[in-house]
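Below: one structure, written as C-alpha cells.
The values are calculated or read from the model by the stated rules, or taken from the named source; none is laboratory data. Fair warning: this is a prediction, and the values are worked out from it, not measured in the lab. Neighbour counts run over all protein chains shown; Cβ positions are idealised from the backbone, glycine included.
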4 protein chains.
Amino acid sequence: MKSDVSRGAYWSSRISAVTPEKVFIRGYDLEDLIGDLPFTAAIYLLIKGDLPSPPEVRVLDGVLSAVLDYGLEKPGTVAARFAVSANPSMAVGLAAACLSVGRHTLATEDTSRFIVDCYSRFQESGSTMEEFADQEVARLRTSGHRIPGLGHPVFKRVDPRAAALRALAVRESCWPAAADLYEALHSSFTRLPGKEDIAINDVGMMAAVLVGLGFSPEEGTGVAILSTMPGLIAHISEELTGGRPIRVVPRDEVAYDVQSGRDYRRDRARAGWTDDWGAGAAPAEQS
Amino acid sequence: MKSDVSRGAYWSSRISAVTPEKVFIRGYDLEDLIGDLPFTAAIYLLIKGDLPSPPEVRVLDGVLSAVLDYGLEKPGTVAARFAVSANPSMAVGLAAACLSVGRHTLATEDTSRFIVDCYSRFQESGSTMEEFADQEVARLRTSGHRIPGLGHPVFKRVDPRAAALRALAVRESCWPAAADLYEALHSSFTRLPGKEDIAINDVGMMAAVLVGLGFSPEEGTGVAILSTMPGLIAHISEELTGGRPIRVVPRDEVAYDVQSGRDYRRDRARAGWTDDWGAGAAPAEQS
Amino acid sequence: MKSDVSRGAYWSSRISAVTPEKVFIRGYDLEDLIGDLPFTAAIYLLIKGDLPSPPEVRVLDGVLSAVLDYGLEKPGTVAARFAVSANPSMAVGLAAACLSVGRHTLATEDTSRFIVDCYSRFQESGSTMEEFADQEVARLRTSGHRIPGLGHPVFKRVDPRAAALRALAVRESCWPAAADLYEALHSSFTRLPGKEDIAINDVGMMAAVLVGLGFSPEEGTGVAILSTMPGLIAHISEELTGGRPIRVVPRDEVAYDVQSGRDYRRDRARAGWTDDWGAGAAPAEQS
Amino acid sequence: MKSDVSRGAYWSSRISAVTPEKVFIRGYDLEDLIGDLPFTAAIYLLIKGDLPSPPEVRVLDGVLSAVLDYGLEKPGTVAARFAVSANPSMAVGLAAACLSVGRHTLATEDTSRFIVDCYSRFQESGSTMEEFADQEVARLRTSGHRIPGLGHPVFKRVDPRAAALRALAVRESCWPAAADLYEALHSSFTRLPGKEDIAINDVGMMAAVLVGLGFSPEEGTGVAILSTMPGLIAHISEELTGGRPIRVVPRDEVAYDVQSGRDYRRDRARAGWTDDWGAGAAPAEQS
C-alpha cells in the first residue's frame, strides 16, 4: 500500500490503514495477527509501531499488572459504580472511570515528564548522577516543588509492588539510565531530615519503567488507564448485577451546612426585585 | 444567507450558521441577542427553532427549577465529586454527572415516549380518556410493564414539587391534553388495590410538561440534564476548594468477600500451565 | 483474610481486597502476579474470578485482536481526536471513545443477549437446531426484528476477521453449542431470497466467542471496549503530538440550512413580548 | 434546619439540604422557587449562594448568550455528534461535549486566573494601571508567556460579540476594575509592533465579566460550558433524528501513512520470538 499522506487530506494517520478488503495494523495484515499476537504485544505494536521483544512483553505485562487492585479504594471505581447505578451501561461506567484519572491519581505522565526532563538536563550537565541529584533536590526545595511519584500512605521506604516491578525490569534488561537517575533523586531526597521513610510508590515506578519502554508521558498514562480496565469491567459488572438501583450517599454520611431561616420573599425584594422577575410572573401581561 | 444544503455536504445543520463575520442563531444575528435574550428563551429558541411566548418561558423556567436539588443524594453529583477529587477539572466533573443520567434516574425520555405513544393510540381509539386509561393499565399489568414516572420513596399521593410544576403549567395554559391522559392513567392505576398512595413524581411531571412544550423525548432529557448543571457546578466547585484530594470509600463502608487461602502456583498449574505462561517467564528463551 | 460481607456495609465486593499492606486479586496476592501473570490472563481472572487455561488465553487474545483496527473509520476514534484537540488529555480522549460504543457499533451485548436467549429457548424446545432456527427466523421476520451481528458494508458471505476468530475458537475447543445455534440462525436467514450474501460480522462473531468464554453480555462489551484501547491510545497520542490544535469541521463540509431574513424585533413582539423580556432589559427599573 | 456539619461526616455541603419532605436550596424552600425563580437567577443562586440583583441577572444572561453559536465549528459539537451516531443517547452526547472544553477552547479559567492574579499584584504594586500593564507585558514577553483570551482568526481590533458583552456589563455597572486592568494589558500589548490588530476575543471577555460577577475561575468554566448546552441539545437532537447511523470520516479525507511491505513472520522472528509467543500458539504444551 502506498502512502498517500501527500494529498493534504484533513486527517492523516500512521497507525492503521483500512482498505475495503484489508486492515493493516502498523503495516501488518490484521488477519495474520488474530490468533497469533498476544494482547500485550498488540498494545506495544499499536502504540510504538514495532513488534516487541520477549523481554519487552514481559516488562509490559508487569506494568499492566501493577495496579490490578483498581478497587473500591480508587475514586474511578466508585465514580463508575455510582454512574452505572443510575445509567446502567458498561460504556458509561468505563468512561466515568477514565475521567477519574488525573493530577491526583494514577496519571504517570507528570512523573514521566519529570524523569525525561531531569535526564536530559543531567546529560548536558557534565555532573555525576549523585552531584546532579543533590543539586536538583536542593533546587526543587528552594522553588517549592515536589518530586512526583514518591510517598505512600502505608508503605515506608519500600512499596513492595514498586519493588516487584523494578526487579522485573532489571531482570529483563529494560531498566533505563533515566530510572537510575530517578532513584538517585529519590535517594538524595531521603537523606533530608524527616524524609528517610519516603518510598517510590507504584505510580512513580510505573512511570520510570514506561520511560524505559519508550512510551511518551501521555502514552504512559494511556497504558496506566488500560491497566485498570479489567478491574473496572469486573466492578461495573458486579454493580450491574448485584449492586443497588440508584446509589445515593447514605444520609448519615452527609452533614448539611445550609443557612437556615432564610425568607425568599424578603431576600428577593432586598435584591432589587419589585413584584416580579420579569418574565417569571407577569400576570399583568396575560390580561 | 442562502441555504446551501443541496451541496450534499457531509454535515448539515438548521441550528446556527457561521460566516467569517457573523453568527446566526436559528436565523437571528447573535449580536442582537446578547444582552437582550434571557437564557431560558435562548434554550427554547435553540432547541425548538422559534422564540417562545411569555407563558412558555415561565413554564420552562419552572421545569428548569424542578430538580435544583441536584444534591448529594443523586448519583451524578457523587460520581462528579469522586471524579474531580482525582482529576480536578470542571469539564470532567460535568461530564461524569451527565453520564449518570439514564434509565434509573432523571431521564424523562421514557416517560415522554410513553405519554406520546399512549396519546397517539388514544386519539385513534375512539374511547373516552377513562375507558382508554383503564384498558391501558390492564394491558400493562398483563404484560408486566410499569407506568414510568410514578412513585417516590417519601411522598404519598402527591409529590409537592410535581404539584407546583403542574399548577404552573395549568396557570400558563401550557398543560397538554396528553398530560390529562397521563393523569387519567395514573388515576386508573391508583384504583388498583395497594396502589392508592402512588404519586406522579417530579420526573414524571417534568416529562408531561416537556411534552406540552413540544420537546421530543430526547430533547426533554437534555433539558432535564441542563437543569442539574447549576447545582453540579456548585458541588464541583465545593469539592475542588473544600473537598478531599483523593476520595476513596471509607474502609468501614466496604465489606470484602474475596475467596481466601488461594494458592497461585497450585491453581496456575491446575489451569494447565506447566512452568511458564509463555512470554511471561521464559528465562530459557533468553539464554 | 476473612469475609466480612455480613457486616451489612454499604459496599461489598468479591473482586479484590485491600488491606493496609496487601492487595488480593480474586484471592491471590498481587505481588505474586506482577511479573508472572500475562495481561490477557489478568483480564480473565479479574472479570471471571478464576485463572484461565492456555486455550482460554489464546482465544481471549484472539478476541482482543479482532478489532485492533480501531481507526479513523470508527466514530469513537474521531470523537476522541476532536475532544483532545480542544482539551489535550489522554484520560479525556479515552473517555470520549468509550462513550462512542453503543447500540450502533461494537457493543457485543445485544448479540450476546440474543444468542444466550435463543439458546435457552432452544434447549427447552425439543426441536432440532435447524427446526428451531427456521422457526425463530420466521418469527423474527413477522415481528419486524432483525438478527444482530449480521452484515458488513464490504464483505459478502464471509468476513475474514470473523472467520479467523471462529477458526481459532474451534481449534482451541472454545466454540460453544450456543454459537452453533447462532450459525444455524444465520444459515436459515441466508436461505431467504436476497439474503444469500449476508455475513456474520466481526462484532457478531466476537459476541459468540465471548459467550463461549463465559462472559456476560455486559462484560463482553467491556472486553470489546478494552480491545480498542491500544489503537485509541495510539490515535490520541498521534493527535496530541501531530494533530491540529482546535479541530473544527472544514467549512466546505458543512451545509447550513438556517432560515434567512428573520427579524428579531418583529418576531419577539409577535411572540408576545411588549418592550422587554422582564429582567432582560428593564431600564425603567433602574431609574 | 440545624447545621450538622460538626458531626464529622464524610461528606458536607453548603449548597442544598434534603430532608425526607423538604428540599432547601441555599436555604430557600424549593417549592417557593418553582414557578417564580428564572433559571438565570437559579444559576447565580446555586453557584454563589445568594439571590442576584436585576443587573446581575441581565449580565449573566449576556454571558450565557455569548457563545450560543456552539455549532459545527466547535470540537465539542462534532465530538458529540460522532459519539451519538454510534451510541444514540442525549446524556452521552452532552458528556462528550463537556469533555471537549479545555486548554485550547472555551475554558475561561486560564484567563480568569490571569486577571485575578494580575489584579492582586497590581493592587500591591503602588503603580498606575498603565505602568503596571507595561511592566507586566514586558515581563510576559521575556518569559515567553502569552496573555490569555486574545486573538481571533477573523476579527481584528474588535470582536463584536466581546464588544456587545462589554457594553452590557458597563451599562449594568458590573464591569470590575480587574477588567479595566485586563484592557490596560491588552492595550499595552497592542502597542507592540505587529500586534496592533489583536482583539480581546469572546472567551477573554467572558472571563473578565465572570470575574466581575464574582465567579471563581473554575465556576466560570462551568458557566461557559452551561452556556453551550442549549446548542448542544439542539445538535444532538438533530443528529439523532436526521443524522447518519454510524458516522465515519469520509475516506477521501484520510491520508494513511502506514509502512508498507512489512512481513509479520520475519519481523516477529527478528524481535526474538522463536516459534511461538508462549501462550499464543503452543500446541506442544497441549499434548
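Taking into account only those residues within the range D:23-49 that are touching a residue at least 12 places away in the same chain (Cβ under 8 Å), within 29 Å of B:R166 (Cβ to Cβ) and assigned to a loop (DSSP other than H, G, I, E, B), which is farthest from the other protein chains (Cβ to nearest Cβ)? The selected residue is D:R26. If you go through the range A:166-190 and keep only what is of a type in the set (D, E) and closer than 26 Å to A:S125 by Cα, you end up with A:D180, A:E183. The range B:108-224 holds helices (runs of 4 or more DSSP H) entirely within its bounds, and those carrying 2 or more residues that are crowded, with 21+ Cβ neighbours inside 10 Å, in contact (Cβ under 8 Å) with a residue 40 or more places away in the chain and more than 14 Å from chain D (Cβ to nearest Cβ) map to B:109-125, B:129-142, B:177-190, B:202-212.
Does C:R161 meet the test of being more than 27 Å from C:V59 (Cα to Cα), in contact with a Leu (Cβ under 9 Å, 6 or more places away or on another chain) and modelled with pLDDT under 95? No; evaluated as a whole, the condition is false for this residue. Residues of the range A:52-73 that are farther than 14 Å from A:A234 by Cα and within 7 Å of another protein chain (Cβ to nearest Cβ): A:P52, A:S53, A:P54, A:V57, A:R58, A:D61, A:G62, A:L64, A:S65, A:A66, A:E73. Residues in the range A:237-272 that are part of a helix (DSSP H, G or I), in contact with an Asp or Glu (Cβ under 7 Å, 6 or more places away or on another chain) and within 30 Å of B:V254 (Cβ to Cβ): A:S237, A:L240.
Looking only at the range D:54-70, decide whether some residue is free of Cβ contacts under 8 Å to residues at least 40 places away in the same chain and of a type in the set (A, V, I, L, M, F, W, C). Yes, that holds for at least one residue. Considering the range B:237-249, and only residues there that are surrounded by 14 or more Cβ atoms within 10 Å (Cβ to Cβ), facing another protein chain (nearest Cβ under 7 Å) and closer than 19 Å to A:K74 by Cα, the residue that is modelled with the highest pLDDT turns out to be B:L240.
Screening A:T19 with (1) within 26 Å of C:D202 (Cα to Cα); (2) at pLDDT below 85; (3) within 9 Å of chain B (Cβ to nearest Cβ) gives one miss only, at (3).
Across the range C:101-154, the qualifying residues are those that are of a type in the set (F, W, Y) and closer than 21 Å to C:G214 by Cα, and the one among them that is nearest to the chain's Cα centre (by Cα) is C:F114.
When you check D:D267 against the structure, is it modelled with pLDDT of 75 or more and acidic (D, E), yes or no? Against the criterion (modelled with pLDDT of 75 or more and acidic (D, E)), D:D267 qualifies. Within the range C:78-107, count every residue that is more than 7 Å from every other protein chain (Cβ to nearest Cβ) and part of a helix (DSSP H, G or I). Matching residues across the range C:78-107 total 5. Taking (1) surrounded by 24 or more Cβ atoms within 10 Å (Cβ to Cβ); (2) over 20 Å from C:T77 (Cβ atoms) in turn, A:A91 satisfies each apart from (2).
Only one entry in D:D202, D:D159, D:D180, D:D252 is acidic (D, E) and farther than 30 Å from B:R14 by Cβ, namely D:D180.
Scanning the range D:180-225 for residues that are within 16 Å of D:H152 (Cβ to Cβ) and of a type in the set (S, T, N, Q) turns up D:T190, D:N201.
Can you tell me which residues in the range B:53-76 are assigned to a loop (DSSP other than H, G, I, E, B), touching a Ser or Thr at 6+ places or on another chain (Cβ under 8 Å) and either of a type outside the set (A, V, I, L, M, F, W, C) or not assigned by TED's automatic domain parsing to the domain that holds B:A91 (or both)? The answer is B:D69, B:Y70, B:G71, B:K74.
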